[in-house]
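The structure's right below; bear with me while I get my questions together.
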Amino acid sequence: MSIVPKETIEVIAQSVGIPNLSSDVALALAPDVEYRLREIMQEAIKCMRHSKRTVLTTDDVDSALSLRNVEPIYGFASGDPLRFKKALGHQDLFYLDDKEVDFKDIIDAPLPKAPLDTSVVAHWLAIEGVQPAIPENVPVDALVPPSETKRTEHVKEDGLPVDIRLPVKHVLSRELQLYFDKITELAMSKPESVLFEKALASLATDSGLHPLVPYFSFFIADEVSRSLNDLPVLFALMRIVRSLLRNQHIHIEPYLHQLMPSMITCLVAKRLGQRIADNHWELRDFSANLVSSVCKRFGNMYHNLQSRLTKTLIHAFLDPSKALTQHYGAVQGLSALGPSVVRLLILPNLETYLQLLQPEMLLEKQKNEMKRKEAWRVYGALLCASGKCLYEMLKVFPGVLSPPTRQVWRNNRKIAITMPNKRKADSNNTLQQPPLKKLAIDGTMSSMPPMSMQSSSESGGGPSTSSGPGPLSNESTLSGKGKEKLGISRAQKTQTALAQAWREDVDAGRLLASLFELFGERILSFIQPPEMSLFI
């Protein structure tokens, strides 16, 4: 038996214009109506569950009707809560108290706005630390446009108004604000604590800190200019810069113009720290390494970065009015940029600078102990920079100080060279050999033209162009015309390469001799032990 009574079917039939519906037909239609109702409600419950809700709504019923290809029920949706009233005489029967609305009022009322479906749209919260002014972001209510009196001030000479663009407010989350405040507090108050070390490790690895980069760069630039007398704070700020440079998840290139002046200030400032015992030399060395790492990492993106830096440092190094501490920072910065910079910028001015520096190092001429120590610091920096440059050149040309590979002896101002794996010539065998072979063997023993040590120096340091006797002459006589041309071209290329290598090799030897004259035996500590023993 159906739960839908036949009376309900008769009422529905009368509402659609069928007044005389027999009882048998009503009883037959009741089970089918119940089946359709159950089917629609089951589909509506599925839609409710897929929407992660526990309350069935009219939208679920409309969705179920759409799934069954039935036209949904149209009508006005009310956002007010439903008001149920209890039917008189029935304890478990409730009905909705629908307000009677005049049809004329509904016709005259304006159409409501179409409801928007719930959806997810992606948009940019911030681009390079700046919040874009789009409708999805929070509107900037704090910025007030300039008044009419201020607008009239920004007018060109020709009378055309200037377009003033208001800055976009940068919105940070509460967590990022707390993070920034905590790190700045540790840098200013507890730069040597264990918690600050953990904070630096977080700065170097965390991937969500890009919105804080402009704040950190402004904080570092501001505090460096204020805290030149506080060495621990300056060191903490430079360590923050190093952590930001090590973080691979943030793009720090747009903020290098704010960080580079701070690093150069900690490198070539006249005075860092307030106490005499402050070790500002370590801070200058640390800043030099930071500047070098920036040039190596971003030099290909900014082609004039290293040129501008070297220009600033060489001006500080060659300016006699600068303090010795500034000279030390400039030398350390140039040395950190590599041996090529040292060879091009420091070594040509080294002899003249040491002549001016020597009186500052002597006790008889400089009575101020502090300035005398500073002069010795600069001397040590120059020694290390020159020694590293020499060491790199000796790695490229190790034959400058290495012993010869052949056995050489001097006899009557002539040099004889013996090949270690060459068989000795027998007088009996030489008589039976052909003329060319005999000439080759005799050439190695007695007919070899004399080579004096003066010949290389008199010829201007170039390689000898004479061809070797013996096998070379034999090969040249036996070869054809094509081989002779090929041999000549190869000989020309070999001579050019040998001339270039000989010139650079001689430059390395001259550099060692000149540095030995300037620094004495101190420069020998930068030479490898086997080569140094031969030189001594």
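The values are calculated or read from the model by the stated rules, or taken from the named source; none is laboratory data. Quantities reported herein were computed from a predicted structural model and do not represent experimental measurements. So basically every Cβ, Gly included, is an ideal-geometry build from the backbone, and we count neighbours across all protein chains shown. Keep in mind that these areas ignore ligands, DNA and RNA; they rest on the heavy atoms of the full protein, side chains included. Shrake-Rupley method; radii C 1.70, N 1.55, O 1.52, S 1.80 Å.
Taking 0.36 nm per intervening residue step and subtracting the Cα-Cα distance, what contour gain separates THR205 from LEU363 on full extension?
That pair, THR205 and LEU363, stretches by 51.8 nm at full extension.
Which of the peptides 317-327, 257-267, 87-97 is most tightly packed, and how do the rest follow, judged by the mean count of other Cβ atoms within 10 Å per residue?
257-267, 317-327, 87-97
What figure in square angstrom, to the nearest 10, would you give for the accessible area of SER225 with a 1.4 Å probe?
Counting only protein heavy atoms, SER225 exposes about 80 Å² to solvent.
Along the Cα→Cβ direction, 7 angstrom out, place labels at TRP376 and ASP181. What is the inter-label distance in nm?
Inter-label distance under the simple model: 5.0 nm.
For ALA13 and VAL55, what does the FRET efficiency come to when R0 = 30 Å and r is the distance between their Cβ atoms, rounded to the nearest 0.05?
In this case the efficiency is close to 0.40.
Here is a follow-up. With labels modelled as points extended 7 Å from the Cα through the Cβ direction, what inter-label distance (nm, one decimal) is found for ASN304 paired with VAL171?
So the label points at ASN304 and VAL171 sit 3.9 nm apart.
Okay, next question. Taking 7 Å along the Cα-to-C-beta vector as the label spot, tell me the SER525-ARG271 distance in nanometres, rounded to one decimal.
3.1 nm
Turning to a different aspect of this structure: Of all GluC sites (Glu not before Pro) in segment 323-382, which ones are in loop regions per DSSP and have a Cβ with at most 16 other Cβ atoms within 10 Å?
Those satisfying the criteria are GLU364.
Taking the Cβ-Cβ separation of ARG226 and LYS113 as r and a Förster radius of 51 Å, what is the calculated FRET efficiency to the nearest 0.05?
That gives a FRET efficiency of 0.35.
Using only the Cα atoms of segment 6-81, what are the Rg and Dmax in Å?
When restricted to Cα atoms, segment 6-81 yields Rg and Dmax of 15.4, 46 Å.
Here's something else I'd like to know. Going from most exposed to least, what order do HIS315, HIS280 have by accessible area with a 1.4 Å probe?
My answer, sorted largest first, is HIS315, HIS280.
Using a cut-off of 12 Å between beta-carbons, work out the net charge of the residues near VAL213 (Lys and Arg +1, Asp and Glu -1, VAL213 not included).
With Lys, Arg at +1 and Asp, Glu at -1, the net is -3.
With respect to the cross-link table entries LYS296/LYS388; LYS322/LYS373; LYS270/LYS371; LYS190/LYS296; LYS270/LYS373, which display a Cα-Cα separation exceeding 20 Å?
Pairs exceeding the cut-off: LYS190/LYS296.
While we're here: Based on C-alpha coordinates, I'd like the Rg and Dmax of segment 175-396, in Å.
18.6, 62
Do any GluC sites (Glu not before Pro) in segment 25-121 lie in a DSSP loop with no more than 16 other beta carbon atoms within 10 Å, and if so, which?
Within segment 25-121, the qualifying GluC sites (Glu not before Pro) (loop, at most 16 other Cβ atoms within 10 Å) are GLU100.
Can you tell me the FRET efficiency between LYS322 and LYS190 if r is taken as the Cβ-Cβ distance and R0 is 51 Å, rounded to the nearest 0.05?
Calculated value: 0.90.
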